[in-house]
Structures are given as C-alpha cells and as structure tokens.
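Working notes, beginning with the structure itself.
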Amino acid sequence: MYERRFTKWMRWCDRDTVQGINYPGIYICAISEEDISGKNFSWTTDIVYVGMTNSLKGLTGRLKQFDNTIKGKNGHGGADRVRFKHQDYQQLVFNLFVTVASFECNVGSNIPQDLRIMGEVAKFEYDCFAHFTELFKQLPEFNDQKRSPKYSLTIGCEE
C-alpha cells in the first residue's frame, strides 16, 4: 500500500519537478551515501523524516520551508533537528533524497470531499509513522523529539 503511493526517490535539488507537488501530501526524507534517485520508494533505515502538509502552498511550500531551515533560517521544526546534526548544507543536500505522496484537492475549499481528502493526508502521515515504527522499532530520527535536539534551541538562531 505505502510503496505504490509514493513517487520514486529523487535528489533534494529535484524536488520541485515531481507531479502533484502543488497539492497537500506526505513527504519522506532519507539521507543516503548511495544514490537512490530514480529508485522505487521502499522503507529503509536511511529514512530520517516523515512530514505532511495541508497548506495552501502544498508540498512545494512545505519543502521550501524545510530547505530554508536546513540552510539556516527558521520555519520548520523537523528541519531544525536535521540542521543540528547536519550543519554543512552542501554536504547534506548531496546525500538528501525525498519522495512524496500528493493528494489532489482544493485546500481552500470547505467542500466535504476536499475536507475528507485533507483528513486522509493527516491519517496517512500517522499510518507512515506506525509502519516505520513496526519495521524499525522507533520513529525516524528527526521525528523523534526526545533524541533529536533542535539547532535553534541548542546553538542559537542565525538570521
């Protein structure tokens, strides 16, 4: 079920090229020494973060917030945890990969069908957390607030 829902892995720098990127959805980030771009999504211990968005700017906007934060700005809590451990942006993005599962709907709508789809997005994120935890006995590293400190709270913020 999960594997077919996600796009193939892509390099972080190619994230805006995927179809459906303007819709809400789930994104999964992996850090890998191996080039996994173009490979079918699969669950792996290289997965470091699972995130979701129901915002008007869709996955594009949320992934931009993630990118801005790993570059040194504020705005994304999970990326702030990534930044604590991976402070060299260029080195990080060379090994950073992402896959997405978009959900086509109108986020600005109050139509029951669109509201239900946005609920499916939130549920699917938790299903992904549960599945990952079943496989690997823990949350992805940067979803786990207890074992992953935020850069902004431990070192200080750069503007």
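The values are calculated or read from the model by the stated rules, or taken from the named source; none is laboratory data. As the structure is a prediction and not an experimental result, all values here were calculated from the model. All Cβ positions, even for glycine, are placed from backbone atoms using ideal geometry, and neighbour counts span all protein chains on display. Please note that ligands, DNA and RNA were not included when accessible areas were found on the heavy atoms of the full protein model with its side chains. Shrake-Rupley method; radii C 1.70, N 1.55, O 1.52, S 1.80 Å.
Close contacts from the stretch 36-50, counting a first residue that is open to solvent by 40 Å² or more (accessible area, probe 1.4 Å) and a second that is in a strand (DSSP E or B), with Cβ to Cβ under 7 Å and a gap of 6+ residues or different chains, come to Ser37/Met10; Ser37/Arg11; Ser37/Phe97; Asp46/Ala30; Asp46/Ile31. Against the test of being within 26 Å of Lys150 (Cβ to Cβ), of a type in the set (D, E, K, R) and assigned to a helix (DSSP H, G or I), the options Arg81, Arg4 yield a single qualifying residue, Arg81.
Scan the stretch 63-76 and tell me whether some residue there is in contact with a Leu (Cβ under 7 Å, 6 or more places away or on another chain) and open to solvent by 30 Å² or more (accessible area, probe 1.4 Å). No: the stretch 63-76 contains no residue that is in contact with a Leu (Cβ under 7 Å, 6 or more places away or on another chain) and open to solvent by 30 Å² or more (accessible area, probe 1.4 Å). Scanning for something closer than 20 Å to Tyr27 by Cβ, touching a residue at least 60 places away in the same chain (Cβ under 8 Å), part of a helix (DSSP H, G or I) and of a type in the set (Asp, Glu), does the stretch 66-76 turn up at least one residue? Scanning the stretch 66-76, I find no residue that is closer than 20 Å to Tyr27 by Cβ, touching a residue at least 60 places away in the same chain (Cβ under 8 Å), part of a helix (DSSP H, G or I) and of a type in the set (Asp, Glu), so the answer is no.
Contact map, the stretch 1-16: first residue touching a residue at least 40 places away in the same chain (Cβ under 8 Å) and on the phi < 0 side of the Ramachandran plot, second residue outside any helix (DSSP H, G or I) and among the basic types (Lys, Arg), Cβ cut-off under 8 Å, separation 6 or more or different chains; pairs are Lys8/Lys39; Trp9/Lys39.
Looking only at residues of the stretch 111-138 that are touching a residue at least 12 places away in the same chain (Cβ under 8 Å) and more than 16 Å from Pro24 (Cβ to Cβ), we find that the one that is surrounded by the most Cβ atoms within 10 Å (Cβ to Cβ) is Phe132. The residue that is surrounded by the most Cβ atoms within 10 Å (Cβ to Cβ), counting only those in the stretch 77-110 that are under 22 Å from Gln19 (Cβ atoms), in contact (Cβ under 8 Å) with a residue 12 or more places away in the chain and not β-branched (Val, Ile, Thr), is Phe97.
Within the stretch 142-151, can one find any residue that is among the hydroxyl-bearing types (Ser, Thr, Tyr) and at pLDDT 95 or above? There is no residue in the stretch 142-151 that is among the hydroxyl-bearing types (Ser, Thr, Tyr) and at pLDDT 95 or above.
Among the residues examined, Tyr2 qualifies as in contact with a His (Cβ under 9 Å, 6 or more places away or on another chain) and open to solvent by 20 Å² or more (accessible area, probe 1.4 Å).
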